[in-house]
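Only one structure is covered here, and it is reproduced in the block below.
We did not get these values from a lab; they are worked out from the coordinates using the rules stated. In this text, all values refer to a predicted model and were calculated from it rather than measured experimentally. Glycine gets a Cβ as well: all are built from the backbone with ideal geometry, and neighbour counts include every protein chain shown.
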Amino acid sequence: MLTVKKLALSTLITSSLLFYPALHSLAETPQHVVKQPAGGYSVQVGDVLVTSFTDGSVAQDLHTLLRRTTAQKTDALLAKNFQANPVEVSINAFLIALPGHKILVDTGSGQLFGPGNGGV
């Protein structure tokens, strides 16, 4: 048999658990969050701001791209990850903003992604 004190305590604990999800909305925004540019995504890493710019995506045939493996091994690994050949890959470039200067990083894929791609 519950006493009044135990009943009040269990009611208090249960009701406080109902408000737990609302506490996340009251949390402060982390300082590393930055305003996102159009066509890119930025993240602050210490004093460095790294922005990725997308140039689209393209289907890539891994059977012809990967070396020293077989199509069967590639397909088996893809199947374990609920993927199938060809896979969709992103074409990106990165802007690294350091204090005092900026660096643009582009992989220079040439014609790998075909005409009309890789024009960042």
Between ASP47 and PHE94, Cβ-based FRET efficiency (R0 22 Å, step 0.05) works out to 0.85
Unit charges on C-beta of K, R, D, E only; dipole of the range 29-106, Debye | 220 debye
At 10 °C and 1.306 mPa s, what whole-number value in µm²/s does Stokes-Einstein give for the translational diffusion of the range 29-106, with Rh from the Kirkwood sum over Cα pairs?
-> 104 µm²/s
